[in-house]
Amino acid sequence: MPEDTESFDDSSPEVRQFSMMDLFAITTILALILAPFATLIRSMDSDGLERVILMLAVHLLIAVGFGVYQFRNRMNAVGDSGDRVGVGYISEVQSPYWPQLKCGVMFLGLAFFQVGLCMSFASQDSLFDDLFLSSIVFAIQLGWATSWSFCQWFWRVYPGGVEFCEHGLILQLARFERFEEIDFRHSTLYPGRIVAVVPQGNLKNTIVIQVNASLMQYMVRRGFLSPLA
């Protein structure tokens, strides 16, 4: 079994079970999002409320659909990865709490904007006018983005996070790449970072990952990185 590292998050990349704490968190988030619109909702007539509920349902269905898709991909990635030994970040992270804060702000901001967009249709004369139909494009985009932010929070894999596992890397929550398919080297421009050349179809994608000393040593011991001179 690989050694634990002192990275920001060294737990196993298991598919989390939904708990009462998650339900409490979601209920609190919904209350925070809907609270600013409470007065407006109470003042709506039945037609306006019907439009808002319909738009919210469309956004929710799209977000849930993307979430189920990500959940399936996550299960496949975790099944092949083995135990997680550490987490690196593509962007520079000065504090372990910054990725969590960034993820929470993104999720709340996107969800708040979704509700605000839905509220804007309360005053439309026709339920299926051009403005309503064109909003479906925004619903797809916002639904995907909100679902993505929620999955990052739920699995504790925050923006820019790269999971180093026993058999490879998990990128973007649910994309698994084996170590043998990746070329690693030390970054000459950014000390303490690893350059990873990851296959992406017929192309190669180069990413620079910030890691701590323990994770760097782990990669050297496994033979994927050469020792520093």
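Residue by residue, here is whether (1) β-branched (V, I, T); (2) under 20 Å from R74 (Cβ atoms); (3) open to solvent by less than 30 Å² (accessible area, probe 1.4 Å) holds:
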residue: S149; (1), (2), (3): no, yes, yes
residue: K204; (1), (2), (3): no, no, no
residue: M216; (1), (2), (3): no, no, yes
residue: M219; (1), (2), (3): no, no, yes
residue: P227; (1), (2), (3): no, no, no
Is there a residue in region 73-85 that is under 30 Å from Y218 (Cβ atoms), modelled with pLDDT under 80 and in a helix (DSSP H, G or I)?
-> no
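Answer yes or no as to whether V195 is touching a Phe, Trp or Tyr at 6+ places or on another chain (Cβ under 9 Å), among the aliphatic types (A, V, I, L, M) and either farther than 30 Å from L110 by Cα or touching a residue at least 12 places away in the same chain (Cβ under 8 Å) (or both). Spell out the reasoning first.
Numbers: touching a Phe, Trp or Tyr at 6+ places or on another chain (Cβ under 9 Å): yes; among the aliphatic types (A, V, I, L, M): yes; either farther than 30 Å from L110 by Cα or touching a residue at least 12 places away in the same chain (Cβ under 8 Å) (or both): yes.
Against the criterion (touching a Phe, Trp or Tyr at 6+ places or on another chain (Cβ under 9 Å), among the aliphatic types (A, V, I, L, M) and either farther than 30 Å from L110 by Cα or touching a residue at least 12 places away in the same chain (Cβ under 8 Å) (or both)), V195 qualifies.
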Given the conditions (1) closer than 21 Å to M75 by Cα; (2) assigned to a helix (DSSP H, G or I), and given that L169 satisfies all but one, which numbered condition is not satisfied?
-> (2)
Return yes or no: is I62 modelled with pLDDT of 70 or more, assigned to a helix (DSSP H, G or I) and open to solvent by less than 50 Å² (accessible area, probe 1.4 Å)?
-> yes
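Being over 18 Å from R84 (Cβ atoms) and in contact with a Cys (Cβ under 7 Å, 6 or more places away or on another chain): is that true of S187 here?
The answer is no for S187.
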Top-ranked residue of region 172-188 - restricted to ones that are in a loop (DSSP other than H, G, I, E, B) and in contact (Cβ under 8 Å) with a residue 12 or more places away in the chain, ranked as surrounded by the fewest Cβ atoms within 10 Å (Cβ to Cβ) = S187
Which number in (1) farther than 19 Å from V78 by Cβ; (2) open to solvent by 30 Å² or more (accessible area, probe 1.4 Å) marks the one condition that A196 misses?
-> (2)
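The values are calculated or read from the model by the stated rules, or taken from the named source; none is laboratory data. Just so you know, these numbers come straight off a predicted model, no measurement behind them. Cβ atoms come from the backbone with ideal geometry, glycine included; neighbour counts cover every protein chain shown. In case anyone asks, the SASA skips ligands and DNA or RNA and just uses the protein heavy atoms, side chains included. Shrake-Rupley method; radii C 1.70, N 1.55, O 1.52, S 1.80 Å.
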